[in-house]
Amino acid sequence: MKLASLDAGRDGRLVVVSRDLSRAVAVDDIVPTLQAALDDWQSVRVRLEAAARALEADDVENAFPFDENACAAPLPRAFQWADGSAYVNHVELVRRARGAAMPESFRHEPLLYQGGSDDFIGPRRDVTFASEDWGIDFEGEIAVVTDDVTMGTSAERALEHVKLILLVNDWSLRSLIPGELDKGFGFYQSKPATSFSPVAVTPDELGGAWHDGRVHLPLLSFYNGEPFGRPEAGQDMTFGFGELIAHASRTRNLCAGTVIGSGTVSNKQGTDHGSAIADGGVGYSCLAELRTLETLNHGAPRTPFMRFGDRVRIEMRDAAGRSLFGAIDQRVVQAAS
């Protein structure tokens, strides 16, 4: 089942979307918003699945063409957004970029930070920033949405709570990160609002690509129209979503609608830290990794962070090349003064 929220009101209007992303049907008679569906998932899931089957069978009178440009984030706002850093290769690279060693504990226990969840960004909206000097960077990720998770849930049981999967652009302001971390209190201004894919899917939609708490497909990113990254999301993911959810719920309950992110998808590719697509590698899911490798190889980064007018597209396709979640496709623009 594939679900989206049209950009209507503060919490969107829930629609069921066809597998090929061509058509949709509103489900106001079942439940008005995705958060309301997650709050009562066991009761409404069967009816939503019936609507999805009818849509696939072309047995719905009020179906309409699905437009990704009309979408808000699947959850336009959420009770909780906790982003991990499950790809240790990425952690090591970005820490190296700011001259910080990586503690060995990072390989044995997940990292999570609690981000802002009150203002998620729709997949086709321009993203505004006040200054290019902030070091604007994109980060391609995967996230899951849970139902209610009880404190102390094990990693094995945690995967039972994954109800939806979606794609993420976890925007980062790299020039602001060192100063914030030096204060010892974590990210805040350096992690602005986050963007999500048009569509969230139930795990069964991914078939065999979803197993061991990981999505085993390439995550594609395009920067100003050129291929930038295609790392395999199931590879080099040190901690699966079971471990991430268990870590998040170790000392607290998680309410329905909690969003847990994977962190930037990153592959080693058989070398120290990977290589760009132009050099025969699978590339990267953020500019920071490329800049770190440029520094290691050339003494200084050669690729600037994002400028106003730059565009990034993040997408995932199945083995037949069909888009699974729709695309995050956004332009960076200067905020009005």
List the DSSP H helices in the chain whose Cα atoms stretch 20 Å or more along the helix axis and whose mean Kyte-Doolittle hydropathy is at least -0.5.
41-56
Partner lysines whose C-alpha sits under 21 Å from that of LYS183, ignoring same-chain residues fewer than 8 away, are LYS191
Which chymotrypsin sites (Phe, Trp or Tyr not before Pro) does region 123-182 hold that lie in a coil by DSSP with at most 11 other beta carbons within 10 Å?
none
Would you mind working out the accessible area per residue for the chain, using a 1.4 Å probe, and quoting it in Å²?
43
Radius of gyration and Dmax for region 247-337's Cα atoms, expressed in Å?
17.5, 47
At a Cα cut-off below 13 Å, give the aspartates and glutamates reachable from LYS268, other chains included and same-chain residues fewer than 8 away excluded.
GLU92, GLU232, ASP236, GLU289
Hull surface divided by four, with the convex hull built on the Cα atoms of region 107-254: how many nm²?
10.1
Which residue fluctuates the most in the chain, going by a Gaussian network model with Cα springs under 10 Å, if the choices are TYR284, TYR223, TYR188?
TYR188
Please list, in chain and number order, the residues 5+ apart from GLY135 or on another chain whose amide H is under 5 Å from its amide H, with Hs placed from the backbone.
SER175
For region 181-285, which GluC sites (Glu not before Pro) are both in a DSSP coil and crowded by at most 13 other Cβ atoms within 10 Å?
none
Excluding ligands, DNA and RNA, the carbon-plus-sulfur percentage of the accessible area of the chain with a 1.4 Å probe reads 47
Rg and Dmax of region 1-155, using alpha carbons, in Å: what are they?
19.2, 60
Global size of the chain as Cα Rg and Dmax, reported in angstrom:
19.2, 62
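The values are calculated or read from the model by the stated rules, or taken from the named source; none is laboratory data. Since the model is a prediction, treat every value here as computed from it, not as a measurement. Glycine also receives a Cβ, built like all others from the backbone with ideal geometry; neighbour counts cover every protein chain displayed. Only protein heavy atoms, including side chains, enter the accessible area calculation; ligands, DNA and RNA are left aside. Shrake-Rupley method; radii C 1.70, N 1.55, O 1.52, S 1.80 Å.
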